[in-house]
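The values are calculated or read from the model by the stated rules, or taken from the named source; none is laboratory data. This is a predicted model, so every value here is computed, not measured. All Cβ positions, glycine included, derive from the backbone under ideal geometry; neighbour counts span all protein chains shown.
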């Protein structure tokens, strides 16, 4: 998608310097991906303490764990 943006030059230069990305498009793509990643992580944190991960695979598969 082609789009025209008015971005502060100092902000773009700093972002390019920090990331060592040579193009403005590259910096914007990385920034958008990072924004999406952070949102997904924040949403996952809402599940903290709500999922029981202490599962016995043998019980889940209806196996007798003592028969081994």
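On inspection, residue 33 fails the criterion of being surrounded by fewer than 10 Cβ atoms within 10 Å (Cβ to Cβ) and free of Cβ contacts under 8 Å to residues at least 12 places away in the same chain. Within the option set 56, 10, being exposed (fewer than 10 other Cβ atoms within 10 Å of the Cβ), out of contact with any strand residue (DSSP E or B) (no Cβ under 7 Å at 6 or more places or on another chain) and at pLDDT 95 or above holds for one residue only, 10. For residue 44, the conditions (1) at pLDDT 95 or above; (2) surrounded by fewer than 10 Cβ atoms within 10 Å (Cβ to Cβ); (3) assigned to a helix (DSSP H, G or I) are fulfilled apart from (1).
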